[in-house]
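What follows is a single structure, written as structure tokens, with notes after it.
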Amino acid sequence: MAHIHEKIDFTVALLIVEGPRILVIHHRKLGKWLPVGGHVELDEDPEQAALREAREETGLEVELVGERPPTTEPGTRALIAPRFLDVHRISATHEHIGMIYFARPRSGSLTLAAAEHHDIRWCTADELDRLEPPMSGAVRWYCLKALEELSSVGNDSRRNP
């Protein structure tokens, strides 16, 4: 995807949790373990980008976790807010504003997007610590937070209404 702007782009990351495991990918270009994600394109909102990236990179249809305010009316559509936001430097002159969503799989078959990733796998919290190369501290923190909030049995309080 081409950059929307030379200095900054908007991106989404999805921390997809099923039971006690979280889905991670080993990014081919970056050589890092990351959550599923990518750029928000010009013709979509962040929620649409998150759902598209999940489908393209994993073969899964997912449900974003969070609250949708009841404020949709003509000319306004309420979106599920990301769980976290960050800014991360890509180069000396380019940054990404990252919208970090928590999600659960709904349907589909897990499929490796081989053009983008070396590997895709479900990991428990303990398995995250054994990944090679090691996961960055920030990504590991987000993964552990998603597991903490979504893997407990019956924890549906933040589910998309």
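Each reported figure results from applying straightforward, stated rules to the coordinates on display, with no laboratory input. What you are looking at is a predicted structure, and each value in this text was computed from that prediction instead of being measured. Cβ sites come from the backbone with ideal geometry, for glycine too, and all protein chains shown count toward neighbours.
Using Cα pairs under 8 angstrom and six or more residues apart, how large is the relative contact order of segment 8-150, in percent?
So the answer I get is 35 percent.
Only counting other Cβ atoms within 10 Å, I'd like HIS94, HIS117 sorted with the fewest neighbours first.
HIS94, HIS117
Taking the Cα centre of the chain as origin, sum charge times position over the Cβ atoms of Lys and Arg (+1) and Asp and Glu (-1), and report the length of that vector in debye to the nearest 20.
Dipole about the Cα centre, nearest 20: 280 debye.
To make sure I understand, if each residue's beta carbon is the centre and we count other beta carbons within 10 Å, what order do SER107, SER136, SER91, SER151 fall in, fewest to most?
Listed from fewest to most nearby Cβ atoms, that is SER91, SER107, SER136, SER151.
Label ALA138 and GLU18 with points 7 Å out from Cα along Cα→Cβ: what is the distance between them in nm?
2.8 nm
State the volume of the convex hull built on the alpha-carbon positions of segment 8-150, expressed per residue in Å³ and rounded to an integer.
121 Å³
Based on the Kirkwood radius over alpha-carbon pairs, what is the Stokes-Einstein translational diffusion coefficient of segment 1-66 at 4 °C with 1.567 mPa s viscosity, in µm²/s?
Calculated translational D: 101 µm²/s.
Can you list the HN-Hα couplings for segment 103-116, worked out from phi with the Karplus curve (6.51, -1.76, 1.60; θ = phi - 60°), rounded to whole Hz and with x for Gly and Pro?
8, 10, x, 10, 6, x, 10, 4, 9, 6, 8, 4, 5, 10
DSSP beta bridges in the chain, what fraction antiparallel, as a percent rounded to 5?
Beta bridges within the chain, antiparallel portion: roughly 75 percent.
For GLN48 and LYS32 in one chain, what is 0.36 nm times their gap in residues minus the Cα-Cα distance, to one decimal in nm?
3.3 nm
Using the count of nearby Cβ atoms within 10 Å as a rough guide to exposure, how do TYR101, TYR142 rank from fewest to most?
TYR142, TYR101
Testing the spin-label approximation: label points 7 Å from Cα along Cα→Cβ at LYS145 and ASP126. State their distance in nm.
2.5 nm
Say each of SER109 and ILE97 gets a label point 7 Å from the Cα, pointing the same way as Cα to Cβ; how far apart are those two points in nm?
4.0 nm
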